[in-house]
Amino acid sequence: MMKLVNEWRSLSFERKTMLMTFISIFINALLAIGKFVLAFFASPFLVAAAIVNIFVMLSKRECYLGEKYPEKKSFEHRNKYIGFFLLCAGLEYAIYMGRMIFTDTELMKYDIVLGIAIACVSFVEMGFAIAGLFRVYGKGHYYRNAKLINLCSALTAIALTEVAIMSFASETDSRILDGVMGMCVGVIIVLIAIYIFVAPRISIVDREHNVYRLENSKEGIKEDNISITLTNSKFYGNYTYVATIKDGIVDGHIVKGKSPLFDWNLYFKIGMIILSEILIFPYAVGALVFHFKNASMIRKLDEKMLKIGYKKISEGED
């Protein structure tokens, strides 16, 4: 057992991510089959839940195959399918949960022990999903997509938690609240799917390496090295373009620094850690806003370099 644990620890983040994605493909397939079978004995609405698992499985499959066999199909092709499958999953889930509002659906009853167990698993899953999104920066589009799909699965688990807790904690009919919660989760999944479609255009992933050439009419930079700060945040790691200059060619990479939070007072950091369970969601939302706010970062860098006489000649992976 310890040997397996040590082997797992020795794996890289990328290898762990793809291995877990591979395993979760089969887990989602088994869940879908189980729900199809249960639909014959319990509720036909379980068919809709099974279809959600199938769409999630297919999107994860595209991530795994894209990273494992990049030569078979282009990233653009697979990315469109990942976004499409996740879009279908979100719409399906919103319709499936929204039925509680518009139909007289009989809800499944959960006892307090099972409800608390579901809640514990769901919040742990959500924690891992959010942590994975923070760790996935710079790892490539497929790794980011895999973590976003995990976040979608965690959101459906949170919705299930709400249904389970309300079934034993509320004496009133909770179908409307359950339906609204489920529809909100479905809409969030749809928005994540849309983000997957547009992410390659607004993300710096695979575009970190930027090279510029001095125009003939310009004098150029005298230093051998330059460092241009591209963002300014008190909470998130800032982006900086670091480059060397030789024979009129500026060759550099956009790198992300550590969060300024690490430079704050020690006691303040301890307080932040204690309050982390409360602050993790607003911090994650802030990170998302920071990401979209800096979507045009490379274009702004191009404009800055053009003002000082340098024109871009190439852009690619770090």
Counting only residues that are surrounded by fewer than 18 Cβ atoms within 10 Å (Cβ to Cβ), within 22 Å of Cys184 (Cα to Cα) and of a type outside the set (Val, Ile, Thr), segment 51-98 contains a total of 3
Could you grab me the full set of residues in segment 202-236 that are charged (D, E, K, R) and either touching a residue at least 12 places away in the same chain (Cβ under 8 Å) or within 13 Å of Asn294 (Cβ to Cβ) (or both)? Asp206, Arg207, Glu208, Arg213, Glu215, Lys218, Glu219, Glu223, Asp224, Lys234
Does Ile176 satisfy the criteria of being over 26 Å from Phe290 (Cα atoms), over 26 Å from the mean Cα position of the chain (by Cα) and surrounded by 14 or more Cβ atoms within 10 Å (Cβ to Cβ)? no
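Residues are listed down the side, and each one gets a yes or a no for (1) in a helix (DSSP H, G or I); (2) at pLDDT below 85; (3) assigned by TED's automatic domain parsing to the domain that holds Thr240; (4) out of contact with any Leu (no Cβ under 9 Å at 6 or more places or on another chain):
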{"residue": "Glu125", "(1), (2), (3), (4)": "yes, yes, no, yes"}
{"residue": "Phe134", "(1), (2), (3), (4)": "yes, yes, no, yes"}
{"residue": "Lys139", "(1), (2), (3), (4)": "no, yes, no, yes"}
{"residue": "Leu148", "(1), (2), (3), (4)": "yes, no, no, no"}
{"residue": "Leu160", "(1), (2), (3), (4)": "yes, yes, no, yes"}
{"residue": "Ala164", "(1), (2), (3), (4)": "yes, yes, no, no"}
{"residue": "Glu171", "(1), (2), (3), (4)": "no, yes, no, yes"}
{"residue": "Asp178", "(1), (2), (3), (4)": "yes, yes, no, no"}
{"residue": "Ile188", "(1), (2), (3), (4)": "yes, no, no, no"}
Selected residue [touching a helix residue (DSSP H, G or I) at 6+ places or on another chain (Cβ under 7 Å), over 19 Å from Cys152 (Cβ atoms) and of a type in the set (A, V, I, L, M)] from Val37, Val47: Val47
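For every residue, the table says whether it meets (1) free of Cβ contacts under 8 Å to residues at least 40 places away in the same chain; (2) of a type in the set (D, E, K, R); (3) in contact with a strand residue (DSSP E or B) (Cβ under 7 Å, 6 or more places away or on another chain).
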{"residue": "Glu14", "(1), (2), (3)": "no, yes, no"}
{"residue": "Phe36", "(1), (2), (3)": "yes, no, no"}
{"residue": "Phe41", "(1), (2), (3)": "yes, no, no"}
{"residue": "Leu46", "(1), (2), (3)": "yes, no, no"}
{"residue": "Ala49", "(1), (2), (3)": "no, no, no"}
{"residue": "Leu58", "(1), (2), (3)": "yes, no, no"}
{"residue": "Pro70", "(1), (2), (3)": "yes, no, no"}
{"residue": "Tyr81", "(1), (2), (3)": "yes, no, no"}
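Results for (1) farther than 25 Å from Asp178 by Cβ; (2) modelled with pLDDT of 80 or more; (3) in contact with a Ser or Thr (Cβ under 8 Å, 6 or more places away or on another chain), shown as yes or no for each residue.
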site: Ser10; (1), (2), (3): yes, no, no
site: Phe22; (1), (2), (3): yes, yes, no
site: Ala50; (1), (2), (3): no, yes, no
site: Glu71; (1), (2), (3): yes, yes, no
site: Thr103; (1), (2), (3): no, no, no
Output the residue which, of all residues in segment 266-318 that are modelled with pLDDT under 70 and under 28 Å from Lys222 (Cα atoms), is surrounded by the most Cβ atoms within 10 Å (Cβ to Cβ). Asp318
Within segment 226-248, residues closer than 17 Å to Arg213 by Cβ and touching a strand residue (DSSP E or B) at 6+ places or on another chain (Cβ under 6 Å) come out as Ile226, Ile228, Tyr241, Ala243, Thr244, Gly248
Which ranges mark the strands (runs of 3 or more DSSP E) fully within segment 206-248 that have 3 or more residues being surrounded by fewer than 17 Cβ atoms within 10 Å (Cβ to Cβ)? 225-229, 239-246
Considering (1) part of a helix (DSSP H, G or I); (2) out of contact with any Leu (no Cβ under 9 Å at 6 or more places or on another chain), say which one Met57 fails and leave the rest. (2)
Result of the Cβ filter at 6 Å on segment 99-116, keeping first residues that are under 20 Å from Cys184 (Cβ atoms) and partners that are at pLDDT below 70, at least 6 apart or interchain, is Arg99/Thr105
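Table: residues versus (1) over 23 Å from the mean Cα position of the chain (by Cα); (2) among the aliphatic types (A, V, I, L, M); (3) more than 21 Å from Ser203 (Cα to Cα).
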position	(1), (2), (3)
Ser10	yes, no, yes
Ile27	no, yes, yes
Leu30	yes, yes, yes
Asn53	no, no, yes
Lys68	no, no, yes
Gly83	no, no, no
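The values are calculated or read from the model by the stated rules, or taken from the named source; none is laboratory data. None of these values were measured; they are calculated from a predicted model. Note that each Cβ is placed from the backbone with ideal geometry, even for glycine, and that neighbours are counted across all protein chains shown.
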